[in-house]
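Peer 1: If you scroll down you'll find the structure; I have some questions about it.
The numbers here are math on the coordinates, done by the rules we state, and not lab data. Here the structure is a predicted model, which means the values were calculated and not measured. As a convention, Cβ positions derive from the backbone with ideal geometry for all residues, glycine included, and neighbour counts pool all protein chains shown.
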Amino acid sequence: MSAYTAPLQDMHFVLNELAGLEQISALPGCEEATAETVTAVLHEAGKFSSGVLAPLNRPGDVAGCRWEDGDVKTPAGFVEAYQQFVEGGWNGLNFPCEFGGQGLPKLVASPVLEMVMSANLGFSLCPLLTGGAIEALLLRGTPEQKATYLHRMVEGSWTGTMNLTEPQAGSDLGLIRSKAVPDGDHYRIYGQKIFITHGEHDMAENIIHLVLARLPDAPEGVKGISLFVVPKFLVNPDGSLGARNDVRCVSIEHKLGIHASPTAVLSYGDREGAIGYLVGEENRGVEYMFVMMNEARYTVGLQGVAVSERAYQLARSYAADRVQSKDLADPRGPSVAIIHHPDVRRMLMTMRALAEATRAVAYVVGAAIDQAHLAPDDAARQEARAFVDYMIPIHKGWATEASIEVANLGIQVHGGMGFIEETGAAQYLRDARITTIYEGTTGIQANDLVGRKTAREGGSTARALIARMQATVDGIDPVDADMAIIRDALARGIQDYTACVEWIVATYGSDIRAVHAGAVPFLKLAGIVCGGWQLARAADIATRRLAEAGSDRDFLSAKVITARFYAEHLMSRVAGLRQTMIHGAGSTMALPVERF
């Protein structure tokens with residue numbers, strides 16, 4: 001298996017040219033994010049990811065995690081690697097300095113997260129969930145809760161989880177049965193939670209669970225759910241660890257992929273009741289949990305980028321080394337590496353284009369998250385927040401769906417060897433498969449996109465996005481042949497996207513089922529168009545840079561070629577998705593339920 005190499009040159013290009021690192025570093029509190037600092041951070045993150053985490057990926061996948069009488073052992077080397085992760089300050093990169101973080105922007109943390117996830121997706125899930133728990137406590141925790149938990153969580157010596165799902169309550173959180181009984185200044189939590197990522201492990205001293213449960217007098221449905229912080233070990237007034245709380249891991253799941261990440265079944269209150277503390281106000285737990293959910297959805301979208309990059313690197317390396325068959329243009333010559341064959345080139349270019357497009361969209365959204373939090377102008381914050389809220393389901397849904405396509409192509413590039421576990425290609429498909437499911441399936445993301453994010457606001461944010469994309473089209477000089485093709489493909493894609501938005505707004509009130517029947521095709525369409533938008537911007541910038549002395553012509557030319565390939569091979573899918581979205585609902589809903 002080839003070694004992982006962080007794509008630092010492309011990361012820097014996207015950060016600086018597309019996501020606007022210079023503008024982000026000018027935001028209040030982001031002054032430390034200078035070009036020199038960011039270069040150093042990314043360089044060190046690349047070394048840590050490739051040198052420490054990547055070598056554990058394959059052994060961790062093979063060994064998996066072990067459950068032993070309530071305790072969970074992670075694969076060999078993970079405890080030591082996590083300690084290095086904490087000592088390096090990687091967990092607190094973008095969290096407030098007052099709690100021990102480094103206060104860097106989300107935009108800077110995004111490529112670091114991508115590198116960690118590319119190198120070892122199973123390992124990365126622990127800090128991912130911790131970050132979501134930190135965000136929730138920052139927003140709604142009491143001063144006492146922040147003082148008790150955040151310094152250690154930001155440091156990483158304590159990790160965090162989110163506890164939503166129960167056996168009878170998956171996406172429908174209104175069915176939650178876990179209960180919280182008042183007991184003085186705290187509550188006793190009783191119930192069972194499933195699918196809890198890193199709900200039990202041996203890498204940290206304590207695990208801080210954020211748990212949804214009902215108070216005795218709570219109303220039915222989602223309006224009667226509260227959020228509680230429930231530590232694995234209780235915390236003494238001096239900050240030291242006290243008694244073990246009444247929460248136990250009763251099993252871990254046997255999964256298709258991400259074997260190095262334990263997915264726990266947790267039982268609360270088998271004895272005296274697990275001690276928990278209310279976060280925020282009663283009966284607003286689902287609202288607060290969505291703080292964690294949106295954080296996690298953004299990061300899961302980055303997982304899609306990370307898997308795509310890693311699968312592409314592995315396939316590219318194999319294709320360059322695997323000698324098989326003659327070059328079609330030289331049938332009497334020697335056998336050549338398969339990277340010379342047109343169909344293999346098509347697959348590799350598809351993988352490359354999707355990895356670069358999803359990365360560009362991810363970092364642009366990451367920059368907007370920083371603007372939504374930190375822009376000094378209220379109107380600018382609101383505009384950025386609207387963009388982020390609209391783009392999160394697109395980013396999460398499309399990037400993860402794309403990662404499955406890329407990982408699947410990676411196996412195909414390997415041929416029969418791709419079906420053999422030892423090559424490593426199969427792991428990326430197995431690992432990628434969950435990313436379209438957890439933190440909200442692609443269908444849930446798509447329903448959110450067409451319902452809350454498009455129809456219910458009359459398409460206003462979608463039209464603002466259309467205007468931004470059209471401005472890119474209008475700014476491209478079509479004199480260059482490559483740019484003319486890229487420009488025309490993006491223009492057609494915007495027209496198809498616009499037609500779908502207007503149809504959703506016009507149809508939602510009269511035929512809601514028809515709109516939702518085409519929700520996932522619309523999400524994929526939106527993702528492809530947004531990816532094409534970013535690659536068109538990249539190609540336009542690269543074309544201009546090529547005229548400058550001293551430019552890296554090989555890198556910049558590859559940006560243009562990749563954008564043209566995307567325009568010709570991936571933007572061409574948009575018209576078909578528009579047809580499916582607007583005209584495909586009738587056949588989707590026609591077959592009687594009993595005939596399935």
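Peer 1: Give the distance, in whole Å, between the Cα centre of the range 523-556 and the Cα centre of the range 298-322.
Peer 2: So the separation of the two Cα centres works out to 20 Å.
Peer 1: By the gyration tensor of its Cα atoms, with a ≥ b ≥ c the square roots of the eigenvalues, what is the shape of the range 286-439: rounded for a/c under 1.5, prolate for a/b over b/c, or oblate?
Peer 2: prolate
Peer 1: Give me 195, 522 sorted ascending by neighbouring Cβ count inside 10 Å, so fewest comes first.
Peer 2: In order of increasing Cβ crowding within 10 Å: 195, 522.
Peer 1: Counting other C-beta atoms within 10 Å, which of 254, 395 has the fewest, and how do the rest follow? Write out the running numbers ahead of the final one.
Peer 2: Details: 254 8, 395 28.
Least crowded to most crowded, the residues run 254, 395.
Peer 1: Still on this structure, I have one more. For the range 396-474 and the range 176-203, what is the centre-to-centre distance using only Cα atoms, to the nearest Å?
Peer 2: 32 Å
Peer 1: Where a Cα-Cα gap under 20 Å defines reach, which lysines qualify for residue 453, not counting those fewer than 8 residues away within the same chain?
Peer 2: Filter leaves 396, 524.
Peer 1: In terms of Cα to Cα distance under 18 Å, which lysines are near enough to residue 47, apart from those fewer than 8 places away along the same chain?
Peer 2: Hits, sequence-local ones excluded: zero.
Peer 1: Provide the packing ranking of 341-354, 575-588, 546-559, i.e. peptides ordered by the mean count of other C-beta atoms within 10 Å per residue, highest first.
Peer 2: Ranked from most to least packed, the peptides come out as 341-354, 575-588, 546-559.
Peer 1: Let me ask something additional. With +1 on each Lys and Arg Cβ and -1 on each Asp and Glu Cβ, how big is the dipole of the chain about its Cα centre, in debye rounded to the nearest 20? Numbers along the way, then the final one.
Peer 2: Numbers: 53 positive and 69 negative charges, 308 e Å.
Value, rounded to 20: 1480 debye.
Peer 1: Quickly estimate the mean residue ellipticity at 222 nm for the chain, helices only: each DSSP H run with n ≥ 4 gives -39500 (n - 2.57), and the total goes over all residues, rounded to 500.
Peer 2: The helix-only estimate for the chain comes to -18000 deg cm²/dmol at 222 nm.
Peer 1: What spacing in nm lies between the two simple spin-label points modelled at residue 76 and residue 583, each 7 Å away from Cα in the Cβ direction?
Peer 2: 6.0 nm
Peer 1: What FRET efficiency comes out for the pair residue 175/residue 590, r = Cβ-Cβ distance, R0 = 41 Å, nearest 0.05?
Peer 2: After rounding to 0.05, the efficiency reads 0.85.
Peer 1: Is there a quick way to get the dipole size of the range 443-589? I mean about its Cα centre, with the Cβ of Lys and Arg at +1 and of Asp and Glu at -1; what is the value in debye to the nearest 20?
Peer 2: Details: 17 positive and 15 negative charges, 82 e Å.
Dipole of the range 443-589, to the nearest 20 debye: 400 debye.
Peer 1: Another question, then. Only counting other Cβ atoms within 10 Å, I'd like 78, 565 sorted with the fewest neighbours first. Mind dumping the intermediate values first?
Peer 2: On the way: 78 26, 565 18.
Taking fewest neighbouring Cβ atoms as first place, the list is 565, 78.
Peer 1: Let me ask something additional. Mind listing the long-range amide H neighbours of residue 225? Cut-off is under 5 Å, sequence gap 5 or more, other chains count too, H placed in the peptide plane at 1.01 Å from N.
Peer 2: When sequence neighbours closer than 5 places are left aside, the close amide H contacts are 285, 286.
Peer 1: Something else now. Between residue 202 and residue 471, how many nm apart are label points set 7 Å from Cα along the C-beta direction?
Peer 2: Taking the simple label geometry, residue 202 and residue 471 are separated by 5.5 nm.
Peer 1: Which length gain, in nm to one decimal place, applies between residue 84 and residue 142 when the Cα-Cα distance is subtracted from 0.36 nm times their residue separation?
Peer 2: Going from the current span to full extension adds 17.8 nm.
Peer 1: What spacing in nm lies between the two simple spin-label points modelled at residue 272 and residue 573, each 7 Å away from Cα in the Cβ direction?
Peer 2: Those two pseudo-labels are separated by 5.6 nm.
Peer 1: How big is the charge dipole of the range 243-399 about its Cα centre, in debye rounded to the nearest 20, if each Lys and Arg gets +1 on its Cβ and each Asp and Glu gets -1 on its Cβ?
Peer 2: With Lys and Arg at +1 and Asp and Glu at -1, about 900 debye.
Peer 1: Can you find, among 569, 556, 582, the residue farthest towards the positive end of the dipole of the range 443-589? Put +1 on the C-beta of Lys and Arg, -1 on that of Asp and Glu.
Peer 2: 582
Peer 1: Further question on the same structure: List the equivalent ellipsoid semi-axes of the chain in whole Å, largest first, each obtained as the square root of 5λ for an eigenvalue λ of the Cα gyration tensor. Please report the intermediate quantities before stating the final value.
Peer 2: Details: eigenvalues 304, 161, 123 Å².
Square roots of five times the eigenvalues give 39, 28, 25 Å.
Peer 1: Antiparallel DSSP bridges in the chain: what percent, to the nearest 5?
Peer 2: That works out to approximately 85 percent antiparallel.
Peer 1: Kindly rank 259-266, 412-419 from highest to lowest mean number of other beta carbons found within 10 Å of each residue.
Peer 2: Descending packing order for the listed peptides: 259-266, 412-419.
Peer 1: Using the Karplus curve 6.51 cos²θ - 1.76 cosθ + 1.60 with θ = phi - 60°, work out ³J(HN,Hα) for each residue of the range 430-440 in order, rounded to whole Hz, and write x for Gly and Pro.
Peer 2: 4, 5, 5, 4, 6, 5, 7, 10, 6, 6, x
Peer 1: Equivalent-ellipsoid semi-axes (√(5λ), Cα gyration tensor) for the range 443-589, whole Å, largest first?
Peer 2: Calculated on Cα positions only, the semi-axes equal 33, 14, 11 Å.
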